[in-house]
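Inspection log for the structure reproduced underneath, given as structure tokens.
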Amino acid sequence: MARSTHRVAMKTLGCKVNQVEAETIAAALVGSGARVVPEAEAEVVVVTTCTVTGEADHKARKAIRHAHALPQAPVVVVTGCGAALDDGTLAALGERVVVEADKSLVPARVTAVLGTRLKDAREPSARAGASFRTRAMVKVEDGCDNFCAYCIVPHARGVPRSAPLAEVLAEVRSLRDAGAHEVVLTGINIGRYDDAGVRLPALIEAVAATGIERIRLSSIEPEDVDEALLSAISATPAFCEHLHIPLQSGSDRTLAEMGRRYDTATYAAIVARARDAVPHLAVTTDVIVGFPGERDVDAAETLAFLERIGFAKLHVFRYSARAGTPAAAREDRVAPGTIAARAIAVRALGDRMRLEHLRGQVGRTVEVLPERPGQGTARDGSRVQFPSGAAEPGTPARLTVSAIDEAGFALTAW
Ligand code: SF4
């Protein structure tokens, strides 16, 4: 049967796991002969939704309506966490909206709409393309059962489950052979990785044994940064000196109300041990401001604790209620104006700490993975700018940091 040149667009919202799942869907469709095109040219638009907050829900519905209203009247195939929780609501957004919560079935849904045949989706080489020639995300875990009070993800993605070790290693080898120099091991709660007793530390060591040059974790819950993980990381030269450890709040009272599994003293001790184990470690984090019941004193404690730890970068989120979570049922909401003011204060602190971290690199020689001419990423996650002749895209290079670009939050090296 002749290969079709059907046109598909990918609209992906949400986290790194959503990104890598959408890439896998796109690869399967390309494998079946389709082309990935901009929405305005597409016969089918695949929308991968996020439902982590009320705001995310709003963005997902907006993306679906936008695709459905395109002049060429494409079919809109909706997947992702929003589809897992609210399929009826999303399906009602338009007569050409098709909801498929099971991501592995999306390629078949799309090709059924297009009337074409499907090729094997998990063929990693199909993923290797210009877009991630140097760094590639590899999904190793899905699901979570921590049930933090503000989070709907456990309801959308279910209990923790792990990709078989052999599959992960096969994917890493294929990405390595296709030109990737770094893999970002990605999951919803990656510390819960467990394939027949093989846990995250052993997974990292096995991935390193493939010969891939750089390994990074997308994010790791504080309680999973234990001795076993730190000794695996410090014994693995390929492991980049960067850990993203979500804190969420610097107030013990708020942490308890969020249902987080540590207090600030425990978190500080975890970071101290990690810094002892990994020289030049950059620690980045997530902070939610305006959680219901958060008082001025809690917000002040958060600022003080963030400053005390000294993070390389903060991701700051304004609390947004997600229906179906315990926090959304609380009446002691923080006023939107107060949330906005607290977010400004935390972001300003974050910018200041980020510049301090970057200044600390001046004079050091760092390994940079160039991703485009004159731009790349250091092992600690910092962005690096350099003269385009100093290093070739896709070939790791050791460059000396001469200054920082304050406006661009980047290192300048040569
Ligand atoms: S650890 Fe908490 S915030 Fe993270 S996915 Fe699980 S429930 Fe959500």
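The values are calculated or read from the model by the stated rules, or taken from the named source; none is laboratory data. In this text the structure is predicted, and so the values were computed from the model without any measurement. Every residue, glycine as well, gets a Cβ built from its backbone with ideal geometry; the counts of neighbours run over all protein chains shown. Ligands, DNA and RNA are stripped out before the accessible areas are found, and what is left, the full protein with its side chains, is counted by its heavy atoms. Shrake-Rupley method; radii C 1.70, N 1.55, O 1.52, S 1.80 Å.
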- Looking only at residues in segment 357-394 that are free of Cβ contacts under 8 Å to residues at least 60 places away in the same chain and among the hydroxyl-bearing types (Ser, Thr, Tyr), which one is nearest to His280 (Cα to Cα)? Thr365
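Yes/no matrix, rows are residues, columns are (1) touching a helix residue (DSSP H, G or I) at 6+ places or on another chain (Cβ under 8 Å); (2) assigned by TED's automatic domain parsing to the domain that holds Val17; (3) at pLDDT below 95; (4) not β-branched (Val, Ile, Thr):
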{"position": "Leu200", "(1), (2), (3), (4)": "yes, no, no, yes"}
{"position": "Ser218", "(1), (2), (3), (4)": "yes, no, no, yes"}
{"position": "Ser249", "(1), (2), (3), (4)": "yes, no, no, yes"}
{"position": "Leu255", "(1), (2), (3), (4)": "yes, no, no, yes"}
{"position": "Val289", "(1), (2), (3), (4)": "yes, no, no, no"}
{"position": "Val297", "(1), (2), (3), (4)": "no, no, no, no"}
{"position": "Glu307", "(1), (2), (3), (4)": "yes, no, no, yes"}
- Does segment 4-23 hold any residues that are touching a residue at least 60 places away in the same chain (Cβ under 8 Å), open to solvent by 10 Å² or more (accessible area, probe 1.4 Å) and closer than 15 Å to Thr111 by Cβ, and which are they? Ser4, His6
- Note on the structure: Scanning segment 185-212 residue by residue, those more than 16 Å from the ligand (Cβ to nearest atom), open to solvent by 10 Å² or more (accessible area, probe 1.4 Å) and part of a helix (DSSP H, G or I) turn out to be Pro201, Ala202, Glu205, Ala206, Ala208
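Could you check how many residues of segment 117-149 are in contact with a helix residue (DSSP H, G or I) (Cβ under 9 Å, 6 or more places away or on another chain) and either at pLDDT below 85 or open to solvent by 30 Å² or more (accessible area, probe 1.4 Å) (or both)? Step through it out loud before you land on a result.
First, the residues of segment 117-149 that are in contact with a helix residue (DSSP H, G or I) (Cβ under 9 Å, 6 or more places away or on another chain): 117-129, 131-132, 136-149.
Filter once more, so that each one left must be either at pLDDT below 85 or open to solvent by 30 Å² or more (accessible area, probe 1.4 Å) (or both): 117-129, 131-132, 137, 139, 145, 147.
Here the count works out to 19.
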- Pick from segment 242-262 the residues that are crowded, with 21+ Cβ neighbours inside 10 Å and assigned to a loop (DSSP other than H, G, I, E, B): which of them is nearest to the ligand (Cβ to nearest atom)? Arg260
- Message: Please count how many residues of segment 79-102 are touching a Lys or Arg at 6+ places or on another chain (Cβ under 6 Å) and open to solvent by less than 20 Å² (accessible area, probe 1.4 Å).
- Response: 1
- For Asp298, the lone unmet condition from (1) open to solvent by less than 40 Å² (accessible area, probe 1.4 Å); (2) in contact (Cβ under 8 Å) with a residue 12 or more places away in the chain; (3) within 16 Å of the ligand (Cβ to nearest atom) is (3)
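Quick check on my filter: what residues within segment 31-54 are at pLDDT 90 or above and farther than 20 Å from Leu70 by Cα? Steps first, answer last, please.
First, the residues of segment 31-54 that are at pLDDT 90 or above: 34-51.
Cys50, Thr51 - these are the residues of segment 31-54 that are at pLDDT 90 or above and farther than 20 Å from Leu70 by Cα.
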- Give Leu169, Leu217 a once-over and let me know the one that is of a type outside the set (Asp, Glu) and surrounded by 23 or more Cβ atoms within 10 Å (Cβ to Cβ). Leu217
- Message: Quick check on segment 24-47: of everything there that is among the β-branched types (Val, Ile, Thr) and in contact (Cβ under 8 Å) with a residue 40 or more places away in the chain, which residue is surrounded by the most Cβ atoms within 10 Å (Cβ to Cβ)?
- Response: Val46
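For segment 385-395, indicate whether the set of residues that are in a strand (DSSP E or B), at negative phi and at pLDDT 90 or above is non-empty. I'd like the intermediate steps shown before the answer.
Keep residues of segment 385-395 that are in a strand (DSSP E or B), which gives 385.
Subset that is at negative phi: 385.
Remaining after also requiring at pLDDT 90 or above: 385.
Yes, there is a match, as at least one residue in segment 385-395 is in a strand (DSSP E or B), at negative phi and at pLDDT 90 or above.
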- Run down Phe305, Phe311 and say which single residue is farther than 19 Å from Asn189 by Cα, open to solvent by less than 60 Å² (accessible area, probe 1.4 Å) and outside any helix (DSSP H, G or I). Phe311
